[in-house]
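Worksheet: the structure to be examined is printed underneath.
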Amino acid sequence: MRYLYTLAMFLVTPLLVLRLLARGVRSRPYHRRWPERFGFFDPPGFSGSLWVHAVSVGEVNAAEPLIKALRRDYPNAPLVVTTVTPTGTARVQQLFGDSVFHVYLPYDLPYAVGRFLKKVRPRLALIVETEIWPNLYHACRKRGIPLMIVNARLSERSLRGYKPLRGLLRSALRCVRLIAAQSRTDAARYRLLGADPEQVLVTGNMKFDMPIPGGAVAEGATMRGHWGPRRPVWMAASTHEGEELSVLEAHLQVLKRLPDALLLLAPRHPERFRAVEHAVRSLGFTAATRSLEGVPSPSHQVFVIDAMGQLMPFFAASDLAFVGGSLVPIGGHNVLEPAALSVPVLVGPQTFNFEEITRSLIEEGGAERVADAERLGPSVLQLLLDAAKRARMGQAAQRVFERERGAVQRVMRLIDTLLQE
């Protein structure tokens, strides 16, 4: 099956190149660095590196405390971080700068994978969350590179989607030394997919160990002082196409009862920043953006956060947060950032990517689920009018966040064992 898979990868390669060219029209990095997708880049000139692969922004954020722990415990080991998306790349550069070697992960073609491994020469490979690449995994085993999936998660939807390829994926997973799963449910799904049961462990979710940026709370308080400390403020974070209109309609409902309310709107993808800003203004809202105005004034009704990696101070400045990707079938995004700051959380019905965390927050009273887009406005308004309930929810969310910490320490113990072997 792997030979058939590889043949299929070669057949779709021309389409992959066309995709790179098309996306390069909107994002220059796709043009400048596309050879890396085939393993062509200048060798960094080191060996024995520790390699961490994180697909995009969410995975990079999850890996942040782990990468910092690797830098602390193995200061002499070169660190390689790979991503797939330009937004993930930007986040790596923002967090770590030149202290790590960044390159795009090549497509899962044997020669591309071989070139990549020959140049970065890792002594350990750490794959974050859910990335199963058969040729890459087999190449690591062939070269004796221990491979570990950390913060591993697998949704029910993904498990069903993988079913036709279960034989291929079972073969790939048998190349993995350890799978450190986020939860018992994730661990069970990896076993169903074909992983060796003895290699699957539950270590918890590393996102609970994410650091709260220094000064985030103080910066949030400063912003509230700028636009009015008593002003009702809610945030819609990591929204996708099809969600912004629902969010803006909800804000219209809020404004009817609370005419001085402010919406902080943070689209998920940078290429949509301008389109979202245009939609906000075309609907008649008085609007501002992070890139131009910096912070909203008391006269602004909607503030578009058109910047990456800057959400924490805005969460800290909000009375409540709606986390996007959950009103559309994306599967939701990270609810832990607002929870860490004691901010009540609202989510839509589609949260399968973060089902364990979301369910825990809801059960403990730190989050609420809205059934559909029509219920978002009433739910936001109810919370904005009930300060006591917001306080209870925020405290509950923060308790869940603190209770679940410690996954990075457990993962590091496993890494230490693999490296000693």
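The values are calculated or read from the model by the stated rules, or taken from the named source; none is laboratory data. Note that the structure is a prediction, hence the values are computed from the model and not measured. Ideal geometry is used to build each Cβ from the backbone, glycine not excepted, and the neighbour counts take in all protein chains shown. Note: areas computed on protein heavy atoms with side chains; ligands, DNA, RNA excluded. Shrake-Rupley method; radii C 1.70, N 1.55, O 1.52, S 1.80 Å.
Listed here are the residues, each with its yes/no results for (1) among the small types (Gly, Ala, Ser); (2) modelled with pLDDT under 95.
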site: 48; (1), (2): yes, yes
site: 65; (1), (2): no, yes
site: 70; (1), (2): no, no
site: 101; (1), (2): no, no
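Among the residues of the range 33-83, write down those that are among the aromatic types (Phe, Trp, Tyr), open to solvent by 30 Å² or more (accessible area, probe 1.4 Å) and either closer than 19 Å to residue 408 by Cβ or free of Cβ contacts under 8 Å to residues at least 24 places away in the same chain (or both).
Hits for the range 33-83 are 34, 74.
Under 6 Å by Cβ, and 6 or more places apart or on different chains, what pairs join a residue from the range 251-272 that is within 18 Å of residue 322 (Cα to Cα) with one that is open to solvent by 10 Å² or more (accessible area, probe 1.4 Å) and in a strand (DSSP E or B)?
Short answer, once both residue conditions are applied: 268/238.
Please give the number of the condition residue 100 fails out of (1) aliphatic (A, V, I, L, M); (2) within 21 Å of residue 416 (Cβ to Cβ); (3) open to solvent by less than 10 Å² (accessible area, probe 1.4 Å).
(3)
Please state which one of 356, 404 is out of contact with any Ser or Thr (no Cβ under 7 Å at 6 or more places or on another chain), modelled with pLDDT under 95 and open to solvent by 10 Å² or more (accessible area, probe 1.4 Å).
404
With the requirement that a residue be in a helix (DSSP H, G or I), closer than 14 Å to residue 323 by Cα and among the polar types (S, T, N, Q), what does the range 351-376 give you?
Across the range 351-376, the qualifying residues are 353, 358.
Specify which of the listed residues (314, 303, 322) is touching a strand residue (DSSP E or B) at 6+ places or on another chain (Cβ under 6 Å), buried (at least 21 other Cβ atoms within 10 Å of the Cβ) and more than 23 Å from residue 391 (Cα to Cα).
303
Testing residue 95 on (1) crowded, with 21+ Cβ neighbours inside 10 Å; (2) modelled with pLDDT under 95; (3) not small (Gly, Ala, Ser), one condition comes back false. Which one is that?
Result: residue 95 fails condition (1) only.
Inspect the range 377-397 for any residue being closer than 23 Å to residue 204 by Cβ, open to solvent by 30 Å² or more (accessible area, probe 1.4 Å) and part of a helix (DSSP H, G or I) and give the result as yes or no.
Checked the range 377-397: at least one residue is closer than 23 Å to residue 204 by Cβ, open to solvent by 30 Å² or more (accessible area, probe 1.4 Å) and part of a helix (DSSP H, G or I).
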